[in-house]
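Student: Pasting a structure below so you can have a look.
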Amino acid sequence: MREICRDGGSEMTPEQVRQEIERYKELCSAVDQENAALQKEKEETEQRIQQVKNTIELIQENIQQRNPLEDLIQSLQSQIFLAKEEKSGLKQEKEMLEEKLEEMRKKGWEDPMMMLPALPERNLVFKGLVTDKEDMNKLMLTPLIRYPLQGGSALITFEKAEVAQRVIEVKEHTVELSNGESLEEPDRCRMRVQASPVDVLLPSALEIGLARSSKSILVSGLPSRVIPEDILLDKLELFFSKTKNGGSEVESREFLDDCGQVVLTFVHDGVAEQLIARGQVQVPIGKAKYKLKISPYMRGEVTNIQFQPSRCARTVLLSGIPDVLAEEPMRDALEIHFQKESRGGGEVDTLGYVPAGRRAVAVFGE
């Protein structure tokens, strides 16, 4: 076999020649693949160009067939028609609103906000805080939470929140029972109790629906302590049962203790409306006549209420308290232990203890 020389003049072995041949074969294969890809891309590009040309030709044909001025006229006519339709609809809506407004003016007492002049008069003493104008329509709720307590537990409220937090973090406390009483077992001179936080549910959102009763009236301005309550109700029922006084048959009567007013409910519709329109009536009670005010009777019903969890900042729940002392000595032992700062405690505000075998309900105010 004849040896092949490189450009530099050195001779190549047969193995090197075979490697060179293989390398060139791979290069040729790569070039063929690249050419095939380019050819395919070229064909796809030519197809897209042809599609664009066809689209342009179709658009040009449509433009030649249509008159731009006619299109503009048709568009303007459509807009004018829609504007007329909208104007007609707004006119009808305006007429309906005007009719509703006139009806509300004639029957203004049906609107709770328009009934304010007809509401019963009461003397009020303002003891609250001045608030912003934006908060005037808000309903302020004072929580009154009832928390059930099982036997062998206690609630302790500290004066400072940080003391309660320290007690909760310790979790388990050993309480000395050195009250002077003799115990059966010496190892029971100490007891272990568990401390945990007190979580309650507080209302976060409240919706109240108000509805005016069509058959009831609220009578205010009644004399106080002149005659007994049952006699007063009899006289009111007798007066408002007579048609000459603008009344009718009375179905029920109710004395409201919290405000000293009376709710009268009639059998027939329309009677309450006529009396409310009068506003005031002269009613003989005892030896005198009193000018009583007649107001609509509103019923309120909670339609929606939402709660959110809240943790008492200064109160701790103590559980696992064994029944080894009487109620009062056990309460004293607990208060003495948690009063000591050396035990992680602090000044105690309130402590309530429920012995084992009993149950109680703790009431949380503000």
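The values are calculated or read from the model by the stated rules, or taken from the named source; none is laboratory data. For clarity, every value in this text was computed on a predicted model and none was experimentally measured. All Cβ positions, glycine included, derive from the backbone under ideal geometry; neighbour counts span all protein chains shown. What goes into the accessible areas is simple: the full protein's heavy atoms, side chains included, and nothing from ligands, DNA or RNA. Shrake-Rupley method; radii C 1.70, N 1.55, O 1.52, S 1.80 Å.
Student: Classify the stretch 184-241 as rounded, prolate or oblate, taking a ≥ b ≥ c as the square roots of the eigenvalues of its Cα gyration tensor: rounded when a/c is under 1.5, otherwise prolate if a/b is larger than b/c and oblate if not.
Tutor: Judged from the Cα gyration tensor, the stretch 184-241 comes out oblate (a/c at least 1.5, b/c at or above a/b).
Student: Please list 204, 216 in order of solvent-accessible area, largest first, computed with a 1.4 Å probe with all protein chains present.
Tutor: Sorted by accessible area, descending: 204, 216.
Student: Note the full-extension length gain between residue 213 and residue 32 as 0.36 nm times their separation in residues minus their Cα-Cα distance, in nm to one decimal.
Tutor: Here the answer is 55.7 nm.
Student: Right, next: What accessible surface, in Å², does a 1.4 Å probe find on residue 340, ignoring ligands, DNA and RNA and rounding to the nearest 10?
Tutor: 90
Student: Sticking with this structure for a sec: With each label point set 7 Å from Cα along the Cα-Cβ vector, what nm distance links residue 43 and residue 85?
Tutor: 5.2
Student: Grab the beta carbon distance between residue 60 and residue 98, set R0 = 51 Å, and tell me the FRET efficiency rounded to 0.05.
Tutor: 0.35
Student: Also, quick follow-up: Projected area of the stretch 244-366, taken from the Cα convex hull and averaged over every viewing direction, in nm²?
Tutor: Hull-based average projected area comes out at 16.0 nm².
Student: Mind listing the phi-derived Karplus ³J(HN,Hα) values for the stretch 32-37, rounded to whole Hz, using 6.51, -1.76 and 1.60 with θ = phi - 60°, and x for any glycine or proline?
Tutor: Values per residue, Gly and Pro as x: 5, 5, 5, 5, 5, 5 Hz.
Student: Keeping every protein chain in place, order 213, 252, 295, 342 by accessible area at 1.4 Å, biggest value first, i.e. largest first.
Tutor: Final ranking, largest accessible area leading: 342, 252, 213, 295.
Student: As a test question: what accessible area, to the nearest 10 Å², does residue 176 have when a 1.4 Å probe is rolled over all protein chains in place?
Tutor: Its accessible surface works out to 70 Å², give or take rounding.
Student: Here is a follow-up. Check residue 358: other-chain or 5+ apart residues with amide H under 5 Å from its amide H, H built from backbone geometry?
Tutor: Hits under the 5 Å cutoff: 151, 152.
Student: Longer than 22 Å from Cα to Cα, which of 242/291; 244/289; 235/293; 215/235; 215/242 are they? Say none if no pair is.
Tutor: Over 22 Å Cα-Cα: none of the listed pairs.
Student: State in Å² the accessible area per residue of the stretch 184-339; use a 1.4 Å probe, count heavy atoms of protein chains only, and round to the nearest integer.
Tutor: Accessible surface, normalised per residue, equals 58 Å².
Student: In whole Hz, with x marking every Gly and Pro, tabulate ³J(HN,Hα) for the stretch 155-165 from phi via Karplus 6.51 cos²θ - 1.76 cosθ + 1.60, θ = phi - 60°.
Tutor: 10, 10, 10, 9, 6, 10, 5, 5, 5, 4, 5
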